[in-house]
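First up is the structure itself, then whatever we jot down about it.
The values are calculated or read from the model by the stated rules, or taken from the named source; none is laboratory data. On a predicted model such as this, the values are computed, not experimentally measured, just so you know. Cβ coordinates were reconstructed from backbone atoms using ideal geometry, including for glycine residues, and neighbour counts include every protein chain displayed.
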Amino acid sequence: MKQFQDLVTLAPWTFIFQICNLLILTAGVKHFLFKPVEQILAKRKEEIEASYTEAEKAEGDAQAMKEEYETRLASAKEEAAEIVKSATARANARGEELVSAARAEAAALKSKADAEIESERRKAAGELKNDISELALDIAGRVVEKEIDPETHKELIDDFISRVGDAS
């Protein structure tokens, strides 16, 4: 039993050595393990904070770019609307010019045609007068050649009317 008793008994020098070993081991672990791990964790924390700061900065830049894009887009839309409006106005003005030019040309053609019709009418009237004069002279010559009774007079007038009808 003595053997068991030695195992269970408390030896003061062994106890002191074990306490010293524990303190040395704790100091060694703290110095060689905890401090480097704490340094690594602090370094990692700084990197994460830098990443967050950089992400926030990138988000702010993206927001600024988005606002600038939206203002440019609105400006481009306004400019496009102005271009379309001015192009429409120019097209309408050009259309009006073309229509007025066509109307003026049509009026000129109409007046030219009217003038030609009037000239042809005067020419035809002149020719008709000449024909009538010739017929009147012809009738007058026949009347002078012979004495006219009422029936012959009627025949000459009918003949004259038929010739005037053929001439026109």
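Scan (1) surrounded by 10 or more Cβ atoms within 10 Å (Cβ to Cβ); (2) more than 28 Å from the chain's Cα centre (by Cα); (3) basic (Lys, Arg) for the single condition Arg94 breaks and write down its number.
(2)
Would you check if there is a residue in the range 2-13 being surrounded by 10 or more Cβ atoms within 10 Å (Cβ to Cβ) and in a helix (DSSP H, G or I)?
Within the range 2-13 (the criterion being surrounded by 10 or more Cβ atoms within 10 Å (Cβ to Cβ) and in a helix (DSSP H, G or I)), the answer is no, since none of the residues qualifies.
Right, Glu134: part of a helix (DSSP H, G or I) and under 60 Å from the mean Cα position of the chain (by Cα) or not?
Taking the combined requirement at face value, the residue does not satisfy it.
On the basis of being part of a helix (DSSP H, G or I) and under 30 Å from Phe160 (Cα atoms), does Arg122 make the cut?
yes
Is there a residue in the range 2-15 that is modelled with pLDDT under 90 and among the acidic types (Asp, Glu)?
yes
Just the residues that are hydrophobic (A, V, I, L, M, F, W, C) and modelled with pLDDT of 80 or more, please, taken from the range 106-163.
Ala106, Ala107, Ala108, Leu109, Ala113, Ala115, Ile117, Ala124, Ala125, Leu128
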